[in-house]
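The structure under discussion appears below in the form of structure tokens.
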Amino acid sequence: APTDPYHFDMTDQVHGDIAQKYVYCIPNAGYTSQGHVIIFTPAGGHDTRALLNEMTADNYFEYLMEEFVRRQLQLEYLSQKHQRLIKMFQIVDCNGIGVWHVSHRAAMTFSKRLKVVLQSWPEGMARVSMINTPWVVNNFWNGFLQYLFPVRSRRKFMMYGVQYRDEILHLIDPTTLAKLLSSSSSSSGGGNGKNIDKKGFMKGSLELPAG
């Protein structure tokens, strides 16, 4: 069981049950060897069109703001516990993303609200590793998405194609990475991959020592 009292899942947040169905992620997938919190997002399974059929953009913003507050409390607690600055390390698996994901009103609708959060969110982020990135992701990042972030934060984003393992295995335990990628490939976005239980938690402990 996690030793972090601020550990949370998507369904702990307002509108989280709906968000988990369509924009599934694992907000607390484990810890790096330095103690940073691992976030895993299998973005290829996301369906923001369907999400907008069940909640408004304002509802989604409420969900994001609660996550932002929870994360700030968590990082402050862990930083005090380990007596050093603890941040987030996010892995975004882009396998399966196509033009369909970025070519509709949801991307623009959400981006207006996301920009409010993203202006301060990167301060708590150590790195975002985007893996299995197809051309559409690179183009979307270069032409639009990067401009939602402060200039100083854009260097934290690393784009990798399929040759990413050597780049991130010094940041995350290989067993943890294998479980995450397995959950990504076997899940349709609803948290029911073979390594995910019905509540969206990773089966087995992924907590790594914060050395």
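The values are calculated or read from the model by the stated rules, or taken from the named source; none is laboratory data. Here the structure is a predicted model, which means the values were calculated and not measured. Positions of Cβ are backbone-derived with ideal geometry, glycine not excepted, and every protein chain shown enters the neighbour counts. Accessible surface areas use protein heavy atoms only, side chains included; no ligands, DNA or RNA. Shrake-Rupley method; radii C 1.70, N 1.55, O 1.52, S 1.80 Å.
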| task | Would you check if there is a residue in the stretch 12-35 being open to solvent by 40 Å² or more (accessible area, probe 1.4 Å), of a type in the set (G, A, S) and either modelled with pLDDT under 90 or under 13 Å from the mean Cα position of the chain (by Cα) (or both)? | result | yes
| field | Residues within the stretch 53-77 that are under 22 Å from S129 (Cα atoms) and aliphatic (A, V, I, L, M), tallied | value | 2
| query | Out of (1) in contact with a Gly (Cβ under 7 Å, 6 or more places away or on another chain); (2) open to solvent by 20 Å² or more (accessible area, probe 1.4 Å); (3) in contact (Cβ under 8 Å) with a residue 60 or more places away in the chain, what's the single condition that is false for D93? | reply | (2)
| the stretch 59-82 residues that are without any contact (Cβ under 8 Å) to a residue 12 or more places away in the chain, paired with ones that are open to solvent by 40 Å² or more (accessible area, probe 1.4 Å) and not basic (K, R) (beta carbon under 8 Å, 6 or more apart) | S79/L85
| field | Members of the stretch 55-83 that are touching a His at 6+ places or on another chain (Cβ under 8 Å) and of a type outside the set (D, E) | value | M55, N59, Y60, Y63, Q74
